[in-house]
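The values are calculated or read from the model by the stated rules, or taken from the named source; none is laboratory data. Please read all numbers here as calculations on a predicted model, not as lab measurements. Cβ placement follows ideal geometry from the backbone for every residue including glycine, while neighbour counts extend to all protein chains displayed. Calculation scope for accessible area: heavy atoms of the full protein, side chains included, ligands and nucleic acids excluded. Shrake-Rupley method; radii C 1.70, N 1.55, O 1.52, S 1.80 Å.
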Amino acid sequence: MKITLAEKSRINEVDFDNLAFGTSFTDHMLVCHYENGKWQEPEIRPYGELNASYALHALHYGQSAFEGMKAYRNQQGEVALFRPEQNWARLNRSAERLLMPAVPEEVFLGGLKKLIDIDAAWVPQDEVKSLYIRPFLFASSEFIAARPSERYTFAVICSPVGPYYAGAVKVKIEDKFTRATGGGIGFTKAAGNYGGAFYPTAKAIEEGYNQVIWTDHANHERIEESGTMNIMFRIGDTMVTPPLTDRILAGITRESILTLLREWGHNVEERPITVTEVVEAAKTGNLHEAFGMGTAAVVSPIQQIGYQGTRYEIPNPNDGMAAKIREGLNDIRLGRVEDKHGWMVSVK
Ligand SMILES: *Cc1c(COP(=O)(O)O)cnc(C)c1O
């Protein structure tokens, strides 16, 4: 691996007490190009500009996918990644569906560990702050014809972040627009999935919500995800979340939370959930909690659900399941309990 270090760190220019999400970047980045049918030598170099033609393939045809992950500094001061091999596997599932080359393990995991080790000073030791990591893969040939690119670029940039949402959110059950369809690319972190979601989300924000709850493409009767997060409900004494399909992003946070809940002995169900069931449970007081699950926000409590003009208030207890899960994941990430599943991977 080729390594070129920055002449001077920019870390003193960043106000770690007022971090806006994803706007400041660490001193270094990882870049690796795919050309002539093979991956070239990865390189770590100072964070900088992309130098490319306006014919850059990814801009025109959307062969582009990303990952989102975090590095944490535990109470012993060590920097570790949370389940990074899962992000590597998922990026390659996205790559396969978008006809991009798989990124080799030593480039993704090897390069990532080295990068985070070099920029370790940027990883805060904190309950709510961490280093957000953005690996991405895009088509980097420079031609405008609607056929697959020949060159690809894999890169990783990193951004120190604070909490994603300020508090509990209000969400609107979307009954017109669709995030993903059967046979489509909803299970990938393809860039275009997010581009297509901004408009419906902006409409919901105009109506006083923070986000939408996506429903199925056929008749908008089944709950799928909440914005860019998986969703979970506590209905009665059971934790329920929709099962994975090709329309749902297989969240690593979702999977980790399911594992913890089962370990703690809770009733957990992965099954289809209808809008009618959620609305009925909200009306009868049987819906005790609802929250989004994802790397950026970890657990994001929902305080209100709107459906076809009616707003239902959802409890968000301080000592509820969302809080217990956040605490449980923090304990593992900050090294306060034994990491039974081997989820933390040291960058050393
Ligand atoms: C990234 C993402 C998630 C959450 O995945 P994590 O691995 O938990 O971060 C859920 N839904 C969508 C649509 C996403 O893009």
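How much of the accessible area of the stretch 169-333, probe 1.4 Å, is carbon plus sulfur, in whole percent?
49
When the Cα atoms of the stretch 249-348 are aligned to their principal axes, the ranges along those axes come out at 53, 26, 25 Å in descending order.
Full extension of the segment from GLU43 to ILE11, taken as 0.36 nm per residue of separation minus the current Cα-Cα distance, would add 9.4 nm. Ranking GLU255, GLU174 from most to least accessible surface, computed with a 1.4 Å probe over the protein chains only, gives GLU255, GLU174. In the complete set of protein chains, residue-level accessible area for TYR199 is approximately 130 Å², probe 1.4 angstrom.
For the residues THR153, THR228, THR23, a GNM of the chain with alpha-carbon springs under 10 Å puts the largest fluctuation on THR23. Taking label points 7 Å from Cα along the Cα-to-Cβ direction, GLU142 and ASP126 give a separation of 3.9 nm.
Among residues other than ALA102 whose Cβ falls under 11 Å from its Cβ, what is the net charge (Lys/Arg +1, Asp/Glu -1)? Spelling it out: positives minus negatives among the neighbours equals -1.
Averaging the Cα positions of each part gives two centres, and for the stretch 28-64 and the stretch 313-348 these lie 35 Å apart.
For the stretch 182-238 versus the stretch 250-279, the spacing of their alpha-carbon centroids is 16 Å.
Taking θ as phi - 60° and the Karplus parameters 6.51, -1.76 and 1.60, the scalar couplings of the stretch 293-309 work out to 9, x, 4, 4, 9, 6, 10, 10, x, 9, 9, 8, 10, x, 9, 6, x Hz in sequence order, x denoting glycine and proline.
Each 20 Å bin from zero holds the following percent of Cα-Cα pairs in the chain: 29, 58, 13, 0.
Qualifying GluC sites (Glu not before Pro) in the stretch 32-86, where qualification requires a DSSP coil assignment and no more than 12 other C-beta atoms within 10 Å, comprise GLU49.
For the chain, a Gaussian network of Cα nodes joined below 10 Å ranks LEU81, LEU50, LEU91 by mean-square fluctuation, and the top entry is LEU50.
Of the trypsin sites (Lys or Arg not before Pro) found in the stretch 1-89, the ones in coil according to DSSP and having at most 15 other Cβ atoms within 10 Å of their Cβ are LYS8, ARG10.
Over the stretch 169-333, the Kirkwood radius and the radius of gyration, each from Cα atoms, give a ratio Rg/Rh of 0.94. Rounded to the nearest 0.05, the FRET efficiency derived from the C-beta distance between ARG311 and ASP237 at R0 = 30 Å is 0.75.
If you plug the beta carbon distance of GLN76 and HIS266 into 1/(1 + (r/R0)^6) with R0 = 35 Å, you get a FRET efficiency near 0.70.
Of the chymotrypsin sites (Phe, Trp or Tyr not before Pro) found in the stretch 11-69, those that fall in a DSSP loop while having at most 12 other beta-carbon atoms within 10 Å are TYR54. Averaged over its residues, the chain has an accessible area of 45 Å² per residue, based on protein heavy atoms and a 1.4 Å probe. Roughly speaking, to the nearest percent, how much of the stretch 2-162's 1.4 Å accessible area is carbon and sulfur? Carbon plus sulfur share of accessible area: 49 percent.
The stretch 282-310 and the stretch 66-114 have their alpha-carbon centroids 29 Å apart. A straight Cα-to-Cα reach below 18 Å connects LYS113 with the aspartates and glutamates ASP27, GLU41, GLU43, GLU67, GLU78, GLU85, GLU105, residues fewer than 8 places away in its own chain not being considered. Of the three principal axes defined by the Cα atoms of the stretch 1-148, the extents in descending order read 50, 29, 29 Å. What is the local net charge at ASN193, summed over the other residues whose Cβ is closer than 15 Å to its Cβ (Lys, Arg +1; Asp, Glu -1)? With Lys, Arg at +1 and Asp, Glu at -1, the neighbours total +1.
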